[in-house]
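The values are calculated or read from the model by the stated rules, or taken from the named source; none is laboratory data. What you are looking at is a predicted structure, and each value in this text was computed from that prediction instead of being measured. All Cβ positions, glycine included, derive from the backbone under ideal geometry; neighbour counts span all protein chains shown.
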Amino acid sequence: MKIENKKWSLEKFNQIREEVLKQWPTGQDVDLEEAIEYQKNIEPKKRVTAKLKEAKESGITLIQPRAGVALIDKHIELLRFLQDEGKADILPTTIDSYTRQNNYEDAEAGIKESREEKRSMLNGFPAVNHGVQGCREVVEALASPLQVRHGTPDARLLAEITLAGGFTDFEGGGISYNIPYAKEVSIERTIYDWQYVDRLVGLYEENGISINREPFGPLTGTLVPPSVSHTVALVEGLLAAEQGVKNLTLGYGQCGNLVQDVAALESLRELAAEYFADFKDIMLTTVFHQWMGGFPQDEAQAFAVISWGASTAALGNATKVITKTTHEALGIPTKEANAEGLKASKQVINMLRDQSLASNDKLEKEKEMIKKETKQIMDHVLELGKGDLAQGVVKAFKAGVIDIPFAPSRFNAGKILPARDNEGAVRYLDHGNLPFTEEIVKFHQKKLEDRGKDEGREASFQMVIDDIYAVGQGELVGRPKKNKKEENSCK
Ligand code: 5AD
């Protein structure tokens, strides 16, 4: 399979489309012309793009939860609660795991069982099975705009059905919904399948319908260095823009060190302005994900993690924040817990509305390093592809030039190792084959050596493990136990 970063011809798209719509019977109900007419009648306040534009212009941070259950009426009830009680600005529809794997038979069985058991037997909303009309029922029952959130390597049919169903925002991308989610799906395959999704969104745009696209920023969710996730966000955004996407929300997942996180959000905006300079009529916004790693079980502690995420999103001026809940360590939240996560976040965001982190040397240095690292990776990717971004990405994954920590995919090199420095910023303990200059490599080494000295141990894999568990255990940096006791005894 040979892929290239070139806008698909309508002929190519339509040829593949025929097969896509046959994947499940509900595909036959998608009529693009009718869907465009339907979308035209959706009022602006129910479009994600309009909400994002308004937020960007007024400098506020919108809040959005995750949520999805098996049955249409229960899903509407859940989203209404999050809209009215939680005051969510943008509503989600989280798709169940069977649908994410294109296993519509088991999703169908899950719907049936949910009816029988009178509770959701799926971990999300099976939008393909419910079909275009089912999605429209949901969209029409709510006053706020809706986004599809999932984790699907091949999301072509899901996109067809949900966009025809009135959703105005679609999350994911050929890297971010493959490498962290699948083991056996090649990067060529997912880039190709996501070019289809983006071409579909491009078709809506050509017909005057604005649909937002959002690459999934946090990737594997734990200790992902900003330059890794920025590279993926830029790559997926550029591939999407080539297919005609005009509204992009680039994402970043909270690492936990305030200065680094604010620097990441600011540098993401600045990098995007540079990399998308050739696409004149594109709207770029950002989304910040509250902590995506392990959570404390204790609800009060979990609220602290949620609030710290909301603070960072506000101070970093993200356009949107995806909220967590105090049930995070346990599984899918109740609607009440979900609304509480929203309310706690909104309180912090409102209180910080008029504040920002003043420019300072530390912040500027972080921004400079993130930008340098990202540019070094991006340059190398383009070089590998001899100017073609899609080909470059495939080669970059093979060579470990793009490398995502802790990913299950066998198409990912898995050579890099991140760990926190003495202030909790995420650094490269091992940069694997990332094409960094000596300056960058030394910067990271020094930061980790400094932490090692303070903890009386070498910077090693043990630090990585300690850091993965730290937040769940009530801290940010995973310090050795011995050290903690000494600290306590001095107080
Ligand atoms: N409802 C609410 N939250 C969900 N998540 C996954 N599925 C659902 C759902 N159906 C959340 C997880 C985790 C994140 C990756 O998505 O709890 O926070």
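Select from the stretch 199-223 the residues that are touching a residue at least 60 places away in the same chain (Cβ under 8 Å) and more than 24 Å from residue 408 (Cα to Cα) and list them in ascending order.
The initial filter retains those residues of the stretch 199-223 that are touching a residue at least 60 places away in the same chain (Cβ under 8 Å), namely 199-200, 202-204, 207-212, 214, 216-223.
199, 200, 202, 203, 204, 207, 208, 209, 210, 211, 212, listed by residue number.
Starting from the stretch 280-302, take each residue that is over 15 Å from residue 325 (Cβ atoms) and list its partners that are among the acidic types (Asp, Glu) and outside any helix (DSSP H, G or I), counting only C-beta distances under 7 angstrom and pairs at least six apart or across chains.
These pairs meet every condition: 287/214.
Name every residue in the stretch 316-343 that is more than 15 Å from the ligand (Cβ to nearest atom), crowded, with 20+ Cβ neighbours inside 10 Å and either among the aliphatic types (A, V, I, L, M) or assigned to a helix (DSSP H, G or I) (or both), in order of residue number.
Hit for the stretch 316-343 is 318, nothing else.
Filter the stretch 383-393 for residues that are touching a Gly at 6+ places or on another chain (Cβ under 8 Å) and buried (at least 17 other Cβ atoms within 10 Å of the Cβ); which is nearest to residue 412 (Cα to Cα)?
Here the answer is 393.
For residue 345, which of the numbered conditions (1) within 24 Å of residue 450 (Cβ to Cβ); (2) in contact with a helix residue (DSSP H, G or I) (Cβ under 6 Å, 6 or more places away or on another chain) fails to hold?
(1)
Among the candidates 145, 126, which residue alone is away from the ligand (no atom under 14 Å from the Cβ), touching an Asp or Glu at 6+ places or on another chain (Cβ under 9 Å) and either within 23 Å of residue 20 (Cα to Cα) or in contact (Cβ under 8 Å) with a residue 40 or more places away in the chain (or both)?
Exactly one residue qualifies, and that residue is 145.
What number of residues within the stretch 415-438 satisfy the criterion of being touching a residue at least 12 places away in the same chain (Cβ under 8 Å) and more than 20 Å from residue 234 (Cβ to Cβ)?
Of the residues in that region, 12 qualify.
Only one of 378, 463 is outside the structural domain of residue 269 (by TED's automatic domain parsing), crowded, with 22+ Cβ neighbours inside 10 Å, touching a residue at least 40 places away in the same chain (Cβ under 8 Å) and farther than 17 Å from residue 231 by Cα. Can you tell me which?
Answer to the check: 463.
When you go through 284, 268 one by one, which is the residue that is among the aliphatic types (A, V, I, L, M), buried (at least 24 other Cβ atoms within 10 Å of the Cβ) and either away from the ligand (no atom under 16 Å from the Cβ) or over 30 Å from residue 477 (Cα atoms) (or both)?
That would be 268, the only listed residue that is among the aliphatic types (A, V, I, L, M), buried (at least 24 other Cβ atoms within 10 Å of the Cβ) and either away from the ligand (no atom under 16 Å from the Cβ) or over 30 Å from residue 477 (Cα atoms) (or both).
In the stretch 176-200, how many residues are buried (at least 20 other Cβ atoms within 10 Å of the Cβ), over 18 Å from the mean Cα position of the chain (by Cα) and not in a helix (DSSP H, G or I)?
Qualifying residue count, the stretch 176-200: 0.
For residue 263, indicate whether it is more than 16 Å from the ligand (Cβ to nearest atom) and surrounded by fewer than 20 Cβ atoms within 10 Å (Cβ to Cβ).
It is false that residue 263 is more than 16 Å from the ligand (Cβ to nearest atom) and surrounded by fewer than 20 Cβ atoms within 10 Å (Cβ to Cβ).
Considering each residue of the stretch 419-453, count those that are surrounded by 16 or more Cβ atoms within 10 Å (Cβ to Cβ) and among the basic types (Lys, Arg), and give that number.
Number satisfying all stated conditions: 4.
Among helices (runs of 4 or more DSSP H) lying entirely in the stretch 98-168, which contain 3 or more residues that are more than 27 Å from residue 38 (Cβ to Cβ)?
Filter on the stretch 98-168 gives 104-117.
When the residues of the stretch 70-93 are filtered to those that are surrounded by fewer than 23 Cβ atoms within 10 Å (Cβ to Cβ) and β-branched (Val, Ile, Thr), which remaining residue is farthest from residue 157 (Cα to Cα)?
Within the stretch 70-93, the match that is farthest from residue 157 (Cα to Cα) is 76.
Restricting attention to the stretch 55-114, and to residues there that are among the aromatic types (Phe, Trp, Tyr) and within 13 Å of the ligand (Cβ to nearest atom), which single residue is farthest from the chain's Cα centre (by Cα)?
Out of the qualifying residues, it is 81.
Residue-by-condition table, conditions (1) more than 14 Å from residue 334 (Cα to Cα); (2) without any contact (Cβ under 8 Å) to a residue 60 or more places away in the chain:
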| position | (1), (2) |
| --- | --- |
| 65 | no, no |
| 72 | yes, no |
| 78 | no, no |
| 86 | no, no |
| 97 | yes, yes |
| 112 | yes, yes |
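Can you find a residue in the stretch 245-254 that is of a type in the set (Ser, Thr, Tyr) and buried (at least 24 other Cβ atoms within 10 Å of the Cβ)?
Yes, the stretch 245-254 contains at least one residue that is of a type in the set (Ser, Thr, Tyr) and buried (at least 24 other Cβ atoms within 10 Å of the Cβ).
Going by what's in this entry, would residue 367 be described as over 21 Å from the mean Cα position of the chain (by Cα) and either at negative phi or surrounded by 22 or more Cβ atoms within 10 Å (Cβ to Cβ) (or both)?
No: the conditions fail for residue 367.
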